[in-house]
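Asker: So that we are looking at the same thing, I have put the structure below in structure tokens.
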Amino acid sequence: MALSAREREVVSALWRKMGDNVGVYTTEALERTFVVFPATKTYFPHLNLSPGSTDIKAHGKKVADALTHAIGHLDDLPNALSELSNLHLHKLGVDPVNFQFFNHCLLVTLARHYPGDFTAVMQACVDKLLAHVTSALVSKYR
Amino acid sequence: MVHFTAEEKAIITTLWSKVNVEEEGGEALGRLLVVYPWTQRFFDTFGNLSSASAIMGNPKVKAHGKKVLTSFGDAVKNLDDLKGTFGHLSELHCDKLHVDPENFRLLGNILVVVLAKHFGKEFTPKVQAAWQKMTMSVASALASKYH
């Protein structure tokens, strides 16, 4: 089920609060993903994945931009993420389970940094958003 | 069998000593029911689950959450034999409660998020990794007697 108007508002409010720091949090989420789910590193043999590396920061920024773009196109996610879907399938061959690992680590990161805002409702909305984004990202897979 | 290093055990037990089992157990179970509403199927007798605030304030949810997290405490004390520790609970969840083991993984991840919210700065990636391993191992142990 698509995000309701209320759910969109909850998510947008958090995104507004994060402002220019979305990249900081996606970077932390990536670092956590590589530490907690080490198999995810197999997709990045060409990068320096040690915590704090500029490579992870750069990739974190790309993910942040993609998520912000997704939030602006919730009515048409498969189209909005079509190129990214092709990239992740055809060029990178990323197994869909890995997006869920990242999504979980992003939730952990947001819970840490916004404990007061991260109510059960907020968690449900962000979890749902990330599930929709992931679904769109793998929409071209098969 | 899962093996926890000395360092992982230290991380897990140190954090555990600061956990408020009643509060965080209730919060974790409540969030499970809010974020993954299909899990409410197991709690027909719990009364009002009609909204997030109803769920989070529901006394039966809080009580059951405390019960569940208390049993995580048994896991912390028995990290070297989780299968043995949870054998009877595994049979119960399969034969009497008919709970899909996927739900144990969901709850485990919710618990990690609740711990992150609660412990903030202290919940470093290393701490998360140890606790992730712990919750996944508990989920696995709880599924071990399924047939």
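Asker: Restrict the check to the range A:43-62 and report whether at least one residue is touching a residue at least 40 places away in the same chain (Cβ under 8 Å), crowded, with 17+ Cβ neighbours inside 10 Å, out of contact with any Gly (no Cβ under 8 Å at 6 or more places or on another chain) and among the aliphatic types (A, V, I, L, M).
Answerer: Looking for residues that are touching a residue at least 40 places away in the same chain (Cβ under 8 Å), crowded, with 17+ Cβ neighbours inside 10 Å, out of contact with any Gly (no Cβ under 8 Å at 6 or more places or on another chain) and among the aliphatic types (A, V, I, L, M), one finds none in the range A:43-62, hence no.
Asker: Which is closer than 25 Å to A:Asn79 by Cα and modelled with pLDDT of 95 or more, of A:Thr26, A:Thr54, A:Thr33?
Answerer: Answer to the selection: A:Thr26.
Asker: Kindly indicate whether any position in the range A:109-124 is away from chain B (no Cβ under 13 Å), surrounded by fewer than 20 Cβ atoms within 10 Å (Cβ to Cβ) and outside any helix (DSSP H, G or I).
Answerer: no
Results for (1) within 22 Å of B:Ile11 (Cα to Cα); (2) within 14 Å of chain A (Cβ to nearest Cβ); (3) of a type in the set (Gly, Ala, Ser), shown as yes or no for each residue.
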| residue | (1), (2), (3) |
| --- | --- |
| B:Val76 | yes, no, no |
| B:Asp81 | yes, no, no |
| B:Ser90 | no, no, yes |
| B:Cys94 | no, no, no |
| B:Val99 | no, no, no |
| B:Glu102 | no, yes, no |
| B:Leu107 | yes, yes, no |
| B:Ile110 | yes, yes, no |
| B:Val113 | yes, yes, no |
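Asker: Scan the range A:33-59 residue by residue and report those that are within 13 Å of chain B (Cβ to nearest Cβ), within 17 Å of the chain's Cα centre (by Cα) and among the aliphatic types (A, V, I, L, M).
Answerer: The answer is A:Val35, A:Val36, A:Ile56.
Asker: Pick from the range A:71-99 the residues that are farther than 25 Å from A:Arg16 by Cα and among the acidic types (Asp, Glu): which of them is modelled with the highest pLDDT?
Answerer: Of everything passing the filter in the range A:71-99, A:Glu83 is modelled with the highest pLDDT.
Asker: What's the total number of residues in the range B:41-74 that are without any contact (Cβ under 8 Å) to a residue 12 or more places away in the chain and within 14 Å of another protein chain (Cβ to nearest Cβ)?
Answerer: So the answer is 5.
Asker: Which residues, taken from the range B:10-27, are assigned to a helix (DSSP H, G or I) and more than 19 Å from B:Asn109 (Cα to Cα)?
Answerer: B:Ala10, B:Thr14, listed by residue number.
Asker: To continue, here is another question. Applying the selection to the range A:77-87, what residues are in contact with a helix residue (DSSP H, G or I) (Cβ under 9 Å, 6 or more places away or on another chain) and either over 19 Å from A:Thr26 (Cα atoms) or in a helix (DSSP H, G or I) (or both)?
Answerer: Answer for the range A:77-87, where residues must be in contact with a helix residue (DSSP H, G or I) (Cβ under 9 Å, 6 or more places away or on another chain) and either over 19 Å from A:Thr26 (Cα atoms) or in a helix (DSSP H, G or I) (or both): A:Leu77, A:Pro78, A:Asn79, A:Ala80, A:Ser82, A:Leu84, A:Ser85.
The values are calculated or read from the model by the stated rules, or taken from the named source; none is laboratory data. Quick caveat: nothing in here was measured; it's all calculated off a predicted structure. Every residue, glycine among them, receives a Cβ derived from its backbone with ideal geometry; neighbour counts consider all protein chains shown.
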